[in-house]
Amino acid sequence: LNGKRFYHARTPIYEPRPQYCLSNKNVQELIYKNALERADLGYKVVEFGQSDGFIGCQCEPCKKMYNTSDWGEKLWRLHTDMAARLEKDRPGVIPAIACYGTSHMIPKTIKKFPTKNMIIDVAPATRQLIEGWKKFNISGMAAWTYYFGPYLASSYAPSADFDYLQNELK
């Protein structure tokens, strides 16, 4: 950001960590290598997604990445490319992509995924997103629900009462 490497602040869970330049082919290969390692450990599903608090790099190669200024779209394209590689390199392992944060929308430039199996992990799930994903060739969806946690105004106190949770269960 502004010509300097951005570091995410220390949190109760994480040490400060850098935001890497995703247009860098070496960074892309490190991400992909991590996915292969997880597949080789026996994971049946390997997910691609950006970290919490993602902020897109402002360097010139990242600005030009995939010929769009939309970081959500850049992430969809990058993760889709990696998912297609994973399916080829580790048949039987199902790639998943996070529909979350910066990429919490239906991609505009992807109409069909180049994979046989794909799971979309929606966080949080909305009726609109679930409807939108029905036109894609995906194997399934995973949905996150948020009832308590430090990212909600109520923090670790419940943000839903028993009646609400009972309706969710139905």
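Against the numbered list (1) at pLDDT below 90; (2) open to solvent by 90 Å² or more (accessible area, probe 1.4 Å), LYS108 comes up short only at (1). Taking residues in region 107-119 that are closer than 12 Å to PRO91 by Cα, and partners anywhere that are assigned to a loop (DSSP other than H, G, I, E, B) and open to solvent by 10 Å² or more (accessible area, probe 1.4 Å), the pairs with Cβ atoms closer than 7 Å and at least 6 places apart or on different chains are ASN117/SER139.
Residue check: LEU165 meets all listed conditions (1) in a helix (DSSP H, G or I); (2) at pLDDT 80 or above but one, namely (2). Contact annotation: residue pairs with Cβ atoms under 9 Å, 6 or more positions apart or on different chains, pairing a residue in region 60-83 that is among the hydroxyl-bearing types (Ser, Thr, Tyr) with a partner that is open to solvent by 40 Å² or more (accessible area, probe 1.4 Å), are TYR66/ARG77; TYR66/THR109; THR68/ARG77; THR68/LYS108; THR68/THR109; SER69/LYS63; THR80/PRO114.
Within region 95-106, the set of residues being assigned to a helix (DSSP H, G or I) and free of Cβ contacts under 8 Å to residues at least 40 places away in the same chain is empty.
Scanning region 122-160 for residues that are modelled with pLDDT of 90 or more and among the hydroxyl-bearing types (Ser, Thr, Tyr) yields a single hit, SER139. Whenever a residue of region 123-149 is among the hydroxyl-bearing types (Ser, Thr, Tyr), its partners that are in a strand (DSSP E or B) and modelled with pLDDT of 90 or more, lying with C-beta atoms within less than 7 angstrom and at least six residues away or across chains, give the pairs SER139/ILE94; SER139/ILE119. Here LYS74, LYS4 are screened, and the one residue that is under 27 Å from PHE136 (Cα atoms) and of a type outside the set (Ser, Thr, Tyr) is LYS74. Within region 1-57, the set of residues being at pLDDT below 95, of a type in the set (S, T, N, Q) and under 22 Å from VAL122 (Cα atoms) comprises GLN50, SER51.
The values are calculated or read from the model by the stated rules, or taken from the named source; none is laboratory data. Because the structure is predicted, anything quoted here is derived from the model rather than measured. Cβ sites come from the backbone with ideal geometry, for glycine too, and all protein chains shown count toward neighbours. What goes into the accessible areas is simple: the full protein's heavy atoms, side chains included, and nothing from ligands, DNA or RNA. Shrake-Rupley method; radii C 1.70, N 1.55, O 1.52, S 1.80 Å.
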